[in-house]
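Before any comments, here is the structure.
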């Protein structure tokens, strides 16, 4: 168990052209995070596939277990010792369509988390998951949340009761969500006495310009680090276990 964990939240807008160019850009950004000493890197929701849901009619827009298009991502995780969490449209072995977080570890294994709270057009393309996913990394427990799950007190409380130290939210918040975003992450962190992390979509979202604000909140609900603007950015923080002990 480590006393500190260095984490990077990646503010990122998916590129046109499908999974391969996005996987290549993920590699570049993980290399950037490695230069800051990151052990964990978190990308926004659907970072590998983008939010153009019309493209999901094509089967090559979906990732599958052991997908060779992620080989370079697995390699950079192995080489750097980083666990990277990326978002994708994902088909389980039985074909079930999921809105997923993929946690790729340095040892080549991948853990998956599936969005439980689908809304709007998402319900036309995905099947909801059954519960939150919790990673263990260097003795830290990290709950994964996708977008609106950060707003759900039940989801967040379940993470808190599971003894997590960090809730990592991969999200898409537009400019008109800016106030709501801050309130959600502040409540998530302070109500459950954990660190909150947000990796938000950069640039333009399906609902308008991004609100930015990717970053970190402490267990007291106060913001620790935040992106400087709304464009692509790597935001890194060193999270200290001593900050959690004050509330436990």
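The values are calculated or read from the model by the stated rules, or taken from the named source; none is laboratory data. This is a predicted model, so every value here is computed, not measured. Neighbour counts are summed over all protein chains in view; Cβ atoms, including those assigned to glycine, are modelled from backbone coordinates with ideal geometry.
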Regarding segment 22-35, can at least one residue be identified that is surrounded by fewer than 22 Cβ atoms within 10 Å (Cβ to Cβ) and more than 28 Å from residue 225 (Cα to Cα)? no
Looking at segment 1-30 only, could you name the residues that are touching a residue at least 24 places away in the same chain (Cβ under 8 Å), part of a loop (DSSP other than H, G, I, E, B) and over 12 Å from residue 43 (Cα atoms)? 1, 2, 3, 15, 16, 18
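Suppose we keep only residues that are in contact with a helix residue (DSSP H, G or I) (Cβ under 7 Å, 6 or more places away or on another chain), free of Cβ contacts under 8 Å to residues at least 60 places away in the same chain and not in a loop (DSSP other than H, G, I, E, B) within segment 78-102. Which one would you say is surrounded by the fewest Cβ atoms within 10 Å (Cβ to Cβ)?
If we take residues in segment 78-102 being in contact with a helix residue (DSSP H, G or I) (Cβ under 7 Å, 6 or more places away or on another chain), free of Cβ contacts under 8 Å to residues at least 60 places away in the same chain and not in a loop (DSSP other than H, G, I, E, B), then 97 is surrounded by the fewest Cβ atoms within 10 Å (Cβ to Cβ).
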Quick one: in segment 46-59, of everything that is in contact with a strand residue (DSSP E or B) (Cβ under 8 Å, 6 or more places away or on another chain) and under 13 Å from residue 125 (Cβ atoms), which residue is modelled with the lowest pLDDT? 51
Just checking, how many residues over segment 205-216 are within 16 Å of residue 177 (Cβ to Cβ) and either out of contact with any strand residue (DSSP E or B) (no Cβ under 7 Å at 6 or more places or on another chain) or crowded, with 18+ Cβ neighbours inside 10 Å (or both)? 8
Determine, yes or no, whether residue 198 is closer than 16 Å to residue 143 by Cα, within 18 Å of the chain's Cα centre (by Cα), in contact (Cβ under 8 Å) with a residue 12 or more places away in the chain and not in a strand (DSSP E or B). no
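Among what's in segment 222-246 and is assigned to a loop (DSSP other than H, G, I, E, B) and in contact with a helix residue (DSSP H, G or I) (Cβ under 9 Å, 6 or more places away or on another chain), pick the residue that is surrounded by the fewest Cβ atoms within 10 Å (Cβ to Cβ).
222
Would it be correct to say that residue 219 is touching a helix residue (DSSP H, G or I) at 6+ places or on another chain (Cβ under 7 Å), surrounded by fewer than 18 Cβ atoms within 10 Å (Cβ to Cβ) and either modelled with pLDDT under 90 or over 18 Å from residue 85 (Cβ atoms) (or both)?
Criteria not met by residue 219.
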Filter segment 103-123 for residues that are free of Cβ contacts under 8 Å to residues at least 12 places away in the same chain and touching a helix residue (DSSP H, G or I) at 6+ places or on another chain (Cβ under 7 Å) and give the result. none
